[in-house]
Amino acid sequence: MMLAVSIALTALGALIAWQVYGIAGHRTPVLVMARDVPIGQQLQPEDLRTVAIGMDSAVQALDAGDKSAVIGKRAAVDLKAGSLLAPAQVAETIVPGPGQVVVPVALKPSQLPARGIQPGDQVVATAVQPTGSEGPGGRFPVDHMARVDRVGQPDADGLIVVDLVVPAGDGTALARQAADGKIAIVLQSRAG
């Protein structure tokens with residue numbers, strides 16, 4: 001009886017070792033950066049190379065078969081030679097685009113719609129001042145058409161930082177108004 005149990009345990013151990021070896025030995029062809037590519041630059045064929053690595057399924061990497069789809073896209077972050085290329089590291093367009101700027105606006109929850117905002121929403125960043133009052137320099141505050149790029153998590157003071165994409169000519173005026181804490185966000189229709 002003991003001999004049969006020891007043979008069964010040995011066979012089970014060998015089966016487990018064989019499966020672990022098979023999983024560890026399985027290599028997946030993925031895309032790796034062949035050279036450094038700065039943020040915003042279009043990817044060229046010579047920027048990429050293919051390597052076969054054993055990796056966990058939780059690792060986000062672009063399959064080598066995706067190479068033709070990646071060529072011509074832009075680097076969303078600085079890409080370093082030798083690093084795995086992940087889907088989030090490439091984009092069709094880069095924010096901010098030409099003629100645009102990103103303005104961070106720290107807002108209290110009461111300055112945002114209760115339903116929340118999300119990246120891609122079209123909004124109006126409007127100055128909150130008493131009716132008929134002039135802003136600095138004797139000018140009335142201006143509303144700014146914007147697109148939400150990112151929405152941060154509330155900080156220790158409860159402020160939420162929202163990155164707004166606006167035309168370059170509006171960036172400094174919106175930044176000044178935001179620094180005074182006198183901005184509220186008006187959400188435009190999501191119905192397109």
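Values in this text are rule-based calculations from the coordinates and carry no lab data. Everything quoted here is computed from the prediction, not taken from an experiment. We place every Cβ from the backbone using ideal geometry, glycine too, and count neighbours over all the protein chains shown.
Using unit Cβ charges (K, R positive; D, E negative) and no other charged atoms, how large, in debye to the nearest 20, is the dipole of the stretch 46-192 about its Cα centre?
220 debye
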TODO: Can you bin the stretch 27-94 into rounded, prolate or oblate? Criterion: square roots of the alpha carbon gyration tensor eigenvalues sorted a ≥ b ≥ c, rounded for a/c under 1.5, prolate for a/b above b/c, oblate for the rest.
DONE: prolate
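Order 107-119, 30-42 from most to least packed using the mean count of other Cβ atoms within 10 Å. Write down the numbers at each step before the final one.
Numbers: 107-119: 13.4, 30-42: 16.0.
Descending mean neighbour count gives 30-42, 107-119.
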Open item on the list: With +1 assigned to the C-beta of every Lys and Arg and -1 to the C-beta of every Asp and Glu, and no other charges, what is the dipole magnitude of the stretch 27-94 about the Cα centre in debye, to the nearest 20?
Closed with: 100 debye
TODO: Would you mind ranking V102, V59 by Cβ crowding within 10 Å, fewest neighbours first?
DONE: V59, V102
Open item on the list: Compute the helix-to-body angle for 168-179: its Cα long axis versus the longest principal axis of the chain, expressed 0 to 90° and rounded to tens.
Closed with: 80 degrees
Open item on the list: Principal axis extents for the chain, Cα atoms only, whole Å, descending order, please.
Closed with: 95, 47, 31
Open item on the list: How far apart, in nanometres, would the label points at V128 and R115 be if each is projected 7 angstrom from Cα along the Cα-to-Cβ direction?
Closed with: 2.0 nm
Task: Compactness relative to 2.2 N^0.38 Å, alpha carbon Rg of the stretch 100-187 - done: 1.02
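To make sure I understand, if each residue's beta carbon is the centre and we count other beta carbons within 10 Å, what order do D56, D180 fall in, fewest to most?
Sorted ascending by nearby Cβ count, the order is D56, D180.
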Open item on the list: Helix 2-25 against the longest principal axis of the chain: what's the angle in degrees, Cα atoms only, rounded to the nearest 10?
Closed with: 40 degrees
